[in-house]
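Read through the structure below, which is laid out as structure tokens, and then see the notes.
What follows draws every value from the coordinates through simple rules; no lab data is involved. Quick caveat: nothing in here was measured; it's all calculated off a predicted structure.
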Amino acid sequence: MRKLAITITALLVTFLSHAQNNFGLKVIKKDINNNGIQDIIKPFNNYLEISIDNKKYKIDFENDFGFQNLTEIEFINNVLVVTGGNDGTGAWSFTYKFRNNKLKNKIELIGYDDFSKWVSGNRTTSINLVNGKYEVTVMEWNEKKEDHDTFIYKGKKTFKKVYLTELRQADLNKFSEIGQQYEK
């Protein structure tokens, strides 16, 4: 139990220290839609400025992604990964994974992960938006056992396509609702 508390505390401290300093995040200059034109993604305090094929977009962290602080942005194996979080009486983290959809010629959301921590437990949700499969893990404190109970839920669902330059919080809320339905 003590190791778990120390680990969670260390993770929260790391998370919050990264969340409060997104000035260290680098500008990404890559061809994210594989058409030979270099695209640019610049992180600012509360938004991303994205230039795709010389057309600019502004994506607000809180209104579009649903988080307050950007903690990581990277482009690996042709996938753009954007991670951010919120803090308060609990802690929340959200990760979005985007990849170019050649047929639509748009940057499509292909993966979503979130983590919620509250006083008596936590929840992790992971959704593969390509095949619709999801997994939700809920850990809840059990007073009688003086330990956490872990519950894992798996399922499959069809989701509306979401694209980087057309993000809407209402669409993204559908993903967090998957995990929230399993909280006790």
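Only alpha carbons enter this Debye calculation for the stretch 58-184, each as an equal point scatterer, and the log10 of I(q)/I(0) it gives at q = 0.10, 0.17, 0.19 Å⁻¹ is -0.34, -0.90, -1.09. Tell me whether the stretch 40-79 comes out rounded, prolate or oblate; compute the Cα gyration tensor, take square roots of the eigenvalues as a ≥ b ≥ c, and use a/c under 1.5 as the rounded threshold. Oblate, since a/c reaches 1.5 and b/c is not below a/b. Working from the Cα coordinates of the stretch 97-151, the gyration tensor eigenvalues give, after taking √(5λ), semi-axes of 35, 10, 4 Å in decreasing order. Net length available on complete extension from Lys42 to Asn131 is 29.0 nm, with 0.36 nm assigned per residue and the Cα-Cα distance removed.
Rg and Dmax of the stretch 25-112, both derived from C-alpha coordinates alone, stand at 13.1, 46 Å.
Past 30 Å, Cα to Cα: identify those pairs from Lys29/Lys117; Lys117/Lys157; Lys104/Lys133; Lys55/Lys154; Lys42/Lys160, in the order given. Beyond 30 Å: Lys29/Lys117; Lys55/Lys154. Between the helical axis of 169-180 and the longest alpha-carbon principal axis of the chain there is an angle of about 30 degrees. Can you bin the stretch 115-184 into rounded, prolate or oblate? Criterion: square roots of the alpha carbon gyration tensor eigenvalues sorted a ≥ b ≥ c, rounded for a/c under 1.5, prolate for a/b above b/c, oblate for the rest. Prolate is the answer for the stretch 115-184, as a/c is 1.5 or above and a/b outweighs b/c. Here the Karplus relation 6.51 cos²θ - 1.76 cosθ + 1.60, evaluated at θ = phi - 60°, turns the backbone of the stretch 47-55 into coupling constants of 7, 10, 9, 10, 10, 10, 6, 6, 9 Hz, with x for every Gly and Pro.
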